[in-house]
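A short write-up of the structure that comes next.
Where a number appears in this text, it was derived from the coordinates with a stated rule and is not lab data. For clarity, every value in this text was computed on a predicted model and none was experimentally measured. Positions of Cβ are generated from backbone atoms using ideal geometry, with glycine treated the same way; all protein chains shown enter the neighbour counts.
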Amino acid sequence: MKTEHNDSLLRFMTCGSVDDGKSTLIGRLLFDTKTILADTLTQISNTSKKRGMEAVDLSLLTDGLQAEREQGITIDVAYRYFSTGTRKYIIADAPGHEQYTRNMVTAASTANLAIILIDARKGVLTQTRRHSYLAHLVGIPHIVVAVNKMDLVDYDQNVYNKICADYLAFAKEIGLQRNSNNEAGHDIRFIPMSALNGDMLVDRLDNMPWYTGETLLEMLEKAPAAHTEQSEEFRFPVQFVCRPHASADADLHDFRGFMGRVESGDIAVGDAVTVLPNGYTSKVKAIQLGEAQLQSAQTEQSITLLLEDEIDTSRGDMIIKTGSKIEPVKQIEAFVCWLSETPLSPARTYIVRHTTRESKAKVGAISYKVDVNTLEQQATTDLKMNDIARMSFKLAQPLMVDSYSKNRATGAFIVIDESTNNTVGAGMIV
Amino acid sequence: MSIKKQPYHNPLSHLDWLEAEAIHILREVAGQCSNPVLLFSGGKDSLCILRLAEKAFRPGRFPFPLMHIDTGHNYQEVIDFRDQRAAELGERLIVRSVEDSMKRGTVVLKSPDEPRNKHQSVTLLEAIEEFGFDCCIGGARRDEEKARAKERIMSFRDEFGQWDPKNQRPELWNLYNARSHKGENIRAFPISNWTEMDVWQYIERENLGLPSIYFAHQRDVVMRSGAIVPINVPLASGEVINPPRAGEEIINMQVRFRTVGDITCTAPVISDADTVSKIVLETATTTITERGATRLDDQTSDASMEQRKKEGYF
C-alpha cells in the first residue's frame, strides 16, 4: 500500500567529508529544490570568483563561520532547511572526520535517515565504516548509501555494483542487517549519483540508464517519518505542572494540568495511567492542546493531561499506561560518547539528564571502548573526547528507562559537568 | 524497492510538528530556568512565540514576563500593536530603551544618525543584569543567516553576553541543557527550525493579528544603493526621522515589510499583498532572502551577524 505523507517532516543527516562531495550534495539539493534565492546565489558566485574558481561553487552554500574559515575547519553541526511542497526537510550537516565523532553523534541523534557518501573512485573506506557504525549506534533506521562522483568513473555500472556488494558485506559485520522483505532489519538503499552535475539527486540525467531505482529526492519523499513504523509504548515525561489556583476564574481553582510532550505511543481520554516513580494510578480525564480538547494524542505532540484523581506529580515524573513495563532503575548500562575536551574522570560525580529528570551519577565500570574505525573493543580506564565506551553509571535518583534500541527518547541521556554546566557526554542505554 | 506498509501512525504535519517542538522548548525553559524572560518586539516571529506560549501554558499565566528592547526608532504601528497584544494577554510587559542607555552614557553613537540596532545588545545586557534574568527567549531562526545555522536551541552566553561559536554545548535529541551559573545566561530559540514560510503559514493557520505595516500600503520612499528606504517617518515623540538626502527623488510606492525592526535599518519590499494568504503566496515565489531584501545592516560583510552575535546580540 502506498504511504501518503501529507506535508510531513523528515530529519536526515549527511555523512561524508568535503572530499566526498558532501557540501556539493547539500548545495545541489538546496539549489535544485529552489531553496537558494537570487541574492544568496549572487553572494556565493562573488565568493567563488574571489577564490579564483570558474563555476559557481555550490559547496559554498554550506560554508561556515568566519572562525571556521580562518582555521580551515568545520567546527560544528549546521542545520539546513528545504521544502518540496509535500514535505519539509531538516538536514543536519556534520563534518565527517574522525576527530568529529561527537558532531556526528549529535547530528545523528535527531535524524531518521542518514545519507552515507562514498566516492566512486575510492569505494568503501575506513570512514564509511565509521559513519555506518555511528549511524547504527545512534539508531538511525534508514540508510541511503550514495555512491557519488559516478562521472569520474565513466558511469560504470560494474564500479557501482562492486561498491554495493562491498558495503553489504561489511554492514553485516557491524550488525546492520539489510531489510529484505520489509520486516525487521535495517533499511539500506543504494544510489549512484553525480552531485556536481546534479545527476540522480532531483533530476535524472541520461548518463546512467542502467539505474532504474529512485532518485535521491524520491527516496527522501517516501522515507517514513520518525515513530511511524511500529507500535510504541506510551511515554510522557512531565515537563511542567500547571496550577492556576490564584486565577480569578473559579473554575480553575482545582485545575491541575500535567504538561509535556508525548515521547512515544499514544493516549486517549479514559485510558488508565500510572505515574512513576511513585506508582500512583488514575485515568485520563482530558487532553488539551491550547484551547482544543482532544480525544487522543500521539507521539511528538505537546499536550496537557488532566487526570481523574488528585495526584501529587511534578516535573521529572513519567506518566505511562497502566500495565506497561518500565521499572525505575538506579543503575544504567550504556554506550557513551564523550563530548568534552576534559576527559571523563571516574572519581567525579556527574549529572545525568534523562527526559525531564536529573540525577547525580557516579561512574561505575567502563567495560571497553570501541575503536570507531576497526570496531575493535579495547580495555580502558578513561574516556577522552570522541571516544565511545560501554560503561555504567550509578544513580542517586531512580530513572524510568527503556533500552535505546526500543525507544530513542527514553533510552537516551546526556551527562552534564556540574562545575562548568557543560554537556560532556551522550548516552544510549543498552 | 518501494516502501512500505501502512504507517502505524500518520506523522504530524510539519506545522504541527514545529508547534509541538516549540511548545516543548518553552516548557523546558520554564522547567529549567528560575527567571526567564520572553523578548517581544511586536514582530511576526515574536507574535508566533506568544501564540506558542499560550498553547504551552494556558490556562495558567506565562511563567515569564515579556520584554522589549526599544531602539526608539520603531514604527508607531508596531509599538501600538505590541502594547495591545500584551494587554490582551494580560501579561506583564517590560520596556527598556536604547535611549536610556544613551543618557546613561553606556551607548555612544558614532554619529546621531548611526543605526541603533546593534546597540540593543548593551541595553539588553543592562536589563538582564537589572532583573537577574537567567534566560532570554527569542524568535531567531536558523534559516535567517548562516551564523544562525549553527546556533543552538539553548545557546550559552557568558556574563558579557558573548556567543562563542567554538564553545557551545552539544545539543542531542531533545535533551536541552539550560543550566547556567549566576551572571551567565541562556538564549532560547523555540522557532530555530522554522523558516520564513513556516512562520507565515502558522500565522495564517492560527489566524494571528499583525502590525499593519506587514501588509501592502502606500509609503514615501527613496532608492538608496539598491534598497528601498522609507523616509520622513514620524515617531511617537513627534520627531520625524529618515529625511531624504540631497538629490534623492521621493517616490510614493506600494510596499510592505517582510521583517520589522529599527526604522533606520529595515527596508520594505514592493508588494501588493494585503492579506496573510497573499503574503504566503508571495513568500513562496520570492527570489530574495528575507534579510537580503530587507536588512541594511547585514550587508556590510559576510560575517556581520556572526560579529554582532559574539558581542551579545541576539
So the compactness index of chain A, its C-alpha Rg divided by 2.2 N^0.38 Å, takes the value 1.08
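Relative contact order for chain A using alpha-carbon pairs under 8 Å, separation at least 6, rounded to a whole percent? Spell out each step's value before the answer.
Working: 916 pairs, mean separation 51.4, N = 430.
Reported as a whole number, the value is 12 percent.
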Filtering chymotrypsin sites (Phe, Trp or Tyr not before Pro) in segment A:78-184 by DSSP loop and by at most 11 other Cβ atoms within 10 Å leaves none
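Tell me which trypsin sites (Lys or Arg not before Pro) from segment A:112-162 have a DSSP coil assignment and no more than 15 other beta carbons within 10 Å of their own. Walk me through the numbers before you get to the answer.
On the way: sites: A:121, A:122, A:129, A:130, A:149, A:162; in loops: A:121, A:122, A:149.
The qualifying sites are A:121, A:122.
Tell me, what is a quarter of the convex hull surface for the C-alpha atoms of segment A:79-142, in nm² with one decimal? Present the calculation step by step, with values, prior to reporting the outcome.
Details: hull surface 19.8 nm².
Taking a quarter of the hull surface, the average projection is 4.9 nm².
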Dividing the surface of the Cα convex hull of segment A:8-222 by four yields a projected area in nm² of 12.1
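How big, in percent, is the set of alpha carbon pairs in segment A:308-347 lying more than 12 Å apart?
Numbers: 620 of 780 pairs.
Across segment A:308-347, Cα pairs with separations above 12 Å total 79 percent.
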Per principal axis, largest first, the Cα atoms of segment A:328-429 extend in Å by 34, 33, 19
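Determine the equivalent ellipsoid of segment A:235-321 by diagonalising the alpha-carbon gyration tensor, then write out the semi-axes as square roots of 5 times the eigenvalues, largest first, rounded to whole Å.
Value: 19, 15, 12 Å, ordered largest first.
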Isolated cysteines for chain B, Cβ-Cβ cutoff 4.7 Å, are B:48, B:136, B:265
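Give the percent of DSSP beta bridges with both residues in the protein assembly as shown that are antiparallel, rounded to the nearest 5.
On the way: 94 of 133 bridges.
If we restrict to bridges inside the protein assembly as shown, about 70 percent are antiparallel.
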Over all viewing directions the Cα convex hull of the protein assembly as shown casts an average projected area in nm² of 32.8
Summing -39500 (n - 2.57) over every DSSP H run of at least 4 residues in chain B and dividing by its residue count gives a helix-only mean residue ellipticity at 222 nm, to the nearest 500 deg cm²/dmol, of -9500 deg cm²/dmol
